[in-house]
Ligand code: SAM
């Protein structure tokens, strides 16, 4: 999968490729991240990328042309790869794991990062397929949002995680519950013991305990995720215990 990030600070997002799961996925040839600076596609001595908003008011607005030229250059760099253009925006659809899974199936994402007051609306209307938000708060730029999206999508690429099973057990996966709690050595610690069932070697009991913990946590922390219709009879018993 290929990510082309349009940003006034492309090195910011490129950093992602140097670390952790995203870095490893890059080394394994599962993805690549390319930064594109609209300033490189701007005209004139000052290579201007923004201007004042019509109608007055504070702040600046990103110009159409440098962004359009950057998008054209990206398409030209790999013309045969199907492409989705995403604008990171607080006004977009809120990113969730279902959306992440959907995006993980794309061959290439062009991620447009805004700055200032945002981008001239005409560019968005003409070039952007989808606007995505990472939450109901306002960042000063789209780079962190692009980094969040890339990280979440990258770890779902086949072969990115050492154990593909682990992604399936994460929160929001499968039937959408929160993950169960995890413990590791030592067994005894001044902060408390490891739940005995996890040391029992009884896989059926362990699976039951984990399911119960997932249900309980989801019930307490994120009841909005619990769709009653998806609970089995056994789940209802676990929740009642
Ligand atoms: N005036 C815009 C508004 O209120 O909708 C906010 C502009 S914001 C200061 C600058 C840029 O940060 C945006 O163009 C967008 O790319 C990015 N951004 C800010 N908040 C975001 C969020 N919650 N999710 C994704 N991108 C965000």
Centre separation in Å (Cα based) which lies between the range 1-68 and the range 118-143: 13
Relative contact order (percent, whole number), the range 169-240, Cα cutoff 8 Å, 6+ residue spacing: 32
C-alpha long axis of helix 64-77 to longest principal axis of the chain, angle in °: 70
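Sum -39500 (n - 2.57) across every DSSP H segment of at least 4 residues in the chain, then divide by the residue count to get the 222 nm mean residue ellipticity, nearest 500.
Numbers: 9 runs with 86 residues, N = 241.
The helix contribution divided over the chain gives -10500 deg cm²/dmol.
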Helix 143-154 axis, angle to the chain major axis (alpha carbon atoms, nearest 10°): 50
Antiparallel bridge percentage (DSSP; both residues within the chain; nearest 5): 10
Over the chain, relative contact order from alpha-carbon pairs under 8 Å, at least 6 apart, %: 19
Kirkwood hydrodynamic radius (C-alpha pairs) into Stokes-Einstein, the range 169-240, 4 °C and 1.567 mPa s, D in µm²/s: 98
Gaussian network model of the chain, Cα within-10 Å springs - most flexible of 72, 217, 185: 185
With Cα atoms, 0 to 90° folded angle of helix 203-221 axis to the chain main axis: 50
Average Cα contact separation per residue, the range 34-80, under 8 Å, 6 or more apart, as relative contact order %: 35
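Just the ratio, please: alpha-carbon radius of gyration of the range 80-164 over 2.2 N^0.38 Å, N its number of residues. Show your work: numbers first, answer last.
Working: Rg = 13.3 Å, N = 85, 2.2 N^0.38 = 11.9 Å.
In units of the 2.2 N^0.38 Å rule of thumb, it is 1.12.
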Residue among 83, 184, 218 with the largest mean-square fluctuation in a Gaussian network model of the chain, springs linking Cα atoms under 10 Å: 184
Most mobile of 149, 177, 31 in a GNM of the chain (Cα contacts under 10 Å): 177
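Please pull out the direction-averaged projected area of the range 2-154, using the convex hull of its alpha-carbon atoms, in nm² to one decimal place.
Values: hull surface 37.3 nm².
Averaged projected hull area, Cα only: 9.3 nm².
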Two-decimal log10 I(q)/I(0) for the range 138-210, as the Debye equation yields it once each C-alpha is a single scatterer, q = 0.13 Å⁻¹: -0.63
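Each value in this text was obtained by applying a stated rule to the coordinates, not by laboratory testing. Quick caveat: nothing in here was measured; it's all calculated off a predicted structure.
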